[in-house]
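Structure first, commentary second.
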């Protein structure tokens with residue numbers, strides 16, 4: 001996947017923290033409603049239910065998402081059909097990986113401590129899940 005996080009908007013939540021508002025809205029529609037192929041018109045019809053928006057605006061946004069590698073595009077006759085190139089979990093994991101990689105070496109321990117605190121405060125089961133992931137990773141690396 002070629003998606004690269006350009007900016008982060010920490011004041012926003014969910015996808016909008018990593019994508020501009022309309023791109024995030026399009027991806028929510030795609031991931032929620034179109035597990036396979038779709039057209040710009042398909043997305044437009046869903047978005048029109050909640051906002052006034054032009055076909056060309058949606059077309060430009062979908063094109064940008066394809067250039068970012070989040071959507072894949074194929075020609076079907078004279079039109080394009082699209083599909084999600086990655087699912088929501090893969091996208092969020094890519095964002096998290098890029099954020100972790102960007103953490104300076106001196107701040108990495110603080111970032112990891114923050115992650116453990118955040119997960120532990122949200123749900124003790126998440127902390128257990130994190131421990132299992134750490135244990136699996138250690139086994140993969142041949143460590144105990």
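If you fit an axis through the alpha-carbon atoms of helix 88-102 and take the longest principal axis of the Cα set of the chain, what angle between them do you get, 0 to 90°, nearest 10?
For helix 88-102, the angle is close to 50 degrees.
What angle do you read, to the nearest 10 degrees and between 0 and 90, between the alpha-carbon axis of helix 21-33 and the longest principal axis of the chain?
Orientation of helix 21-33: about 90 degrees from the principal axis.
Rounded if a/c is under 1.5, else prolate if a/b beats b/c, else oblate: with a ≥ b ≥ c from the C-alpha gyration tensor eigenvalues square-rooted, which is the range 47-91?
Because a/c hits 1.5 or more and a/b fails to exceed b/c, the range 47-91 counts as oblate.
When the chain is fully extended, how far beyond the present Cα-Cα distance does residue 92 get from residue 6, taking 0.36 nm per residue of separation?
Extra length available between residue 92 and residue 6 comes to 29.6 nm.
With 10 angstrom as the radius, rank 38, 114 by how many other C-beta atoms surround their C-beta, starting from the fewest.
Fewest-to-most Cβ neighbours within 10 Å comes out as 114, 38.
Does the range 67-140 come out rounded, prolate or oblate by the C-alpha gyration tensor, with a ≥ b ≥ c the root eigenvalues, rounded set by a/c under 1.5 and, if not, prolate when a/b is larger than b/c and oblate if not?
prolate
Give the Cα extents of the chain along the principal axes, in whole Å, largest first.
Result, largest extent first: 57, 33, 29 Å.
Averaging sequence separations of C-alpha pairs under 8 Å and six or more residues apart, then dividing by the length of the range 1-102, give the relative contact order as a whole percent. Walk me through the numbers on the way to the answer.
Values: 101 pairs, mean separation 31.9, N = 102.
Across the range 1-102, relative contact order equals 31 percent.
For a quick check: sort 86, 134, 70, 53 by the number of other beta carbons within 10 angstrom, fewest at the front.
134, 53, 86, 70
Among 66, 54, 100, whose mean-square fluctuation peaks in a Gaussian network model of the chain (Cα, cutoff 10 Å)?
Of 66, 54, 100, the Gaussian network model singles out 54 as fluctuating most.
Rule-based calculations on the coordinates, nothing more; no lab input. Given the structure is predicted, the values throughout are model-derived calculations rather than measurements. Positions of Cβ are generated from backbone atoms using ideal geometry, with glycine treated the same way; all protein chains shown enter the neighbour counts.
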